[in-house]
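Below is one structure, written out as structure tokens, with a few remarks after it.
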Amino acid sequence: MARKPNLNNYPGVDAFPSTRKGAKKGEVRYRQRYTGADGKRYWSFHDFAHEAAAEREKQLQAIREHRWVPPEVSKAEARRAQEAQQLTVGTWVMQWLDTKRGKSRESTLQTYERTIRNRITEVEGAPGVAKLATIPLADLKKRDVYAWWDEMAKVFPTPTTNRNAYIHLRSACNEAVEREIMPSNPVDVKAARVKPTPKEKELPKTADMQAILAATPERYKLAVVLFLFMGLRIGEALGLKRSQIVNEGTPDAPQWVAQVRGNIQDVQDGKGATRAVEQPPKTKAGRRDVPIFTEFNDVVQAHLDSFTGAPGDYLTTTGRGNPVKATSMRNILARAKDRAGVTAKITPHYGRNWLITHLAQNGATPAEIGQVLGQTDLKTITEVYMKVSPEHTRTVLAKVSAEQFGSGGDVI
């Protein structure tokens, strides 16, 4: 049997019979006690006298050095430190995303989530990129963020997606600072502040677009007109109701107008299935009336005669009367493009480029173009969308030459 310690050697320590469940008869525990810097009495129990004495000395030393805090505060800090070590960057970014639910559109959140999973939390084939998610949030350093950014840029040649991932990471860490989970935000990469230059899009040829329209099934031709020629976003075109196509002309000379009041977006449910969800416009500019070129009056009338139902029904539906998902519409367009023998790259969004450019070439101001397109960012219109053709440039220069110098010749 172990010899009992001489408590005279341990001031401030005394023995008490153990009250722990399963304790043997005669078993004792040792209590250390001291007066804290706040004047209150504190104590704690230990299995051995030397442990109790060591704890007492630790507390007294902290008092002497003016760094003592009450035990409950110390325990809370230790608990938070342990939790911080368990909270990794990957876990926190997903928790941050959850705080956005109910405040942002579900389709927007799903776009965010895809980017976060592909570049932060579920990165495949790039261990240097995937490492970021495993770092405890409280230990995240600027060098870790730089290492992630540099490796991501090397492995994934997708500057826009990479920068979006950076933006989400920075926002999540800003929220962590607000909640006092981390002291400061180390996500600050100089190169990531610069918005990537979008890839140059070649202006689609009108003849190619007309050929695609001709090869499109009748049920979907009006939708193609709306997003390929009239500048509607694909979700806006598919979200139109029958009542939102109105004739502001006469029966003999129709002027059909598309009243854009919302859009539908593809959203995944919890089982991974995709469904079309109706949403209001993101901005006030998205709510607008767009006159349809009279060139397409026959397309509009044929569609209204054959493929529409009640005023509140969707304008474009599947053969079963369901709304058309954007992914399905893109596939329909791709097949029509193949049937038409068009090899140039043309997607639904190219129609906005085409319309903006031709409106500009015919004298429309950026503000007027923005009104038609539902686009408030005039800089985007002028710098990204507007692709003035070389032929138009030569024509304009020839006009200036003739006006100023009386020359009617071509500009070389």
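Remarks
- Taken over segment 34-53, the residue count meeting the criterion of being under 24 Å from Ala15 (Cα atoms) and within 53 Å of the chain's Cα centre (by Cα) is 7.
- Lys221 being among the basic types (Lys, Arg), modelled with pLDDT of 95 or more and over 14 Å from Tyr314 (Cβ atoms): yes
- If you go through segment 266-287 and keep only what is surrounded by 12 or more Cβ atoms within 10 Å (Cβ to Cβ) and assigned to a helix (DSSP H, G or I), you end up with Ala285, Gly286.
- Residue check, Asn162 farther than 20 Å from Arg117 by Cβ, of a type in the set (S, T, N, Q), at pLDDT 95 or above and not assigned by the TED database to the domain that holds Ala78: no
- Listed by first and then second residue, the pairs linking a residue in segment 356-380 that is within 23 Å of Arg261 (Cα to Cα) to a residue that is assigned to a helix (DSSP H, G or I) and polar (S, T, N, Q), with Cβ atoms under 7 Å apart and 6 or more places separating them unless they lie on different chains, are Pro366/Thr382.
- Taking segment 225-243 as the range and being under 21 Å from Ile369 (Cα atoms), more than 27 Å from the chain's Cα centre (by Cα) and either assigned to a helix (DSSP H, G or I) or of a type in the set (Val, Ile, Thr) (or both) as the test, only Val225 passes.
- Picking from residues in segment 162-197 that are among the hydroxyl-bearing types (Ser, Thr, Tyr) and in a helix (DSSP H, G or I), the one that is nearest to Trp96 (Cα to Cα) is Ser171.
- With respect to being surrounded by fewer than 22 Cβ atoms within 10 Å (Cβ to Cβ), out of contact with any helix residue (DSSP H, G or I) (no Cβ under 6 Å at 6 or more places or on another chain) and more than 30 Å from Ile120 (Cβ to Cβ), Ala191 falls outside the description.
- Residue check, Arg219 among the charged types (D, E, K, R) and free of Cβ contacts under 8 Å to residues at least 60 places away in the same chain: no
- Selection status of Glu200, closer than 30 Å to Val342 by Cα and either touching a strand residue (DSSP E or B) at 6+ places or on another chain (Cβ under 7 Å) or in a loop (DSSP other than H, G, I, E, B) (or both): yes
- Some residue of segment 201-212 being over 20 Å from the mean Cα position of the chain (by Cα), at pLDDT 95 or above, among the aliphatic types (A, V, I, L, M) and surrounded by fewer than 21 Cβ atoms within 10 Å (Cβ to Cβ): yes
- The sole residue among Val300, Val290, Val257 that is assigned by the TED database to the domain that holds Arg219, of a type in the set (A, V, I, L, M, F, W, C) and part of a helix (DSSP H, G or I) is Val300.
- Scanning segment 276-300 for residues that are over 15 Å from Val246 (Cα atoms), over 19 Å from the mean Cα position of the chain (by Cα) and of a type in the set (Lys, Arg) returns Lys284, Arg287.
- The residue that is nearest to Val93 (Cα to Cα), counting only those in segment 119-145 that are surrounded by fewer than 17 Cβ atoms within 10 Å (Cβ to Cβ) and within 21 Å of the chain's Cα centre (by Cα), is Glu122.
- Residues within segment 252-285 that are modelled with pLDDT of 90 or more and small (Gly, Ala, Ser), tallied: 3
- Some residue of segment 311-324 being in contact (Cβ under 8 Å) with a residue 24 or more places away in the chain and among the basic types (Lys, Arg): no
- Residue in segment 62-79 that is free of Cβ contacts under 8 Å to residues at least 40 places away in the same chain, over 30 Å from Gly12 (Cα atoms) and not charged (D, E, K, R) present: no
- The set of residues from segment 327-354 being under 17 Å from Gly231 (Cβ atoms), touching a residue at least 40 places away in the same chain (Cβ under 8 Å) and part of a loop (DSSP other than H, G, I, E, B) comprises Ile346, Pro348, His349.
The values are calculated or read from the model by the stated rules, or taken from the named source; none is laboratory data. Since the structure is predicted, the reported quantities are computational estimates derived from the model, not experimental observations. Using ideal geometry, Cβ is built from the backbone for each residue, glycine included, and neighbour counts are taken over all protein chains shown.
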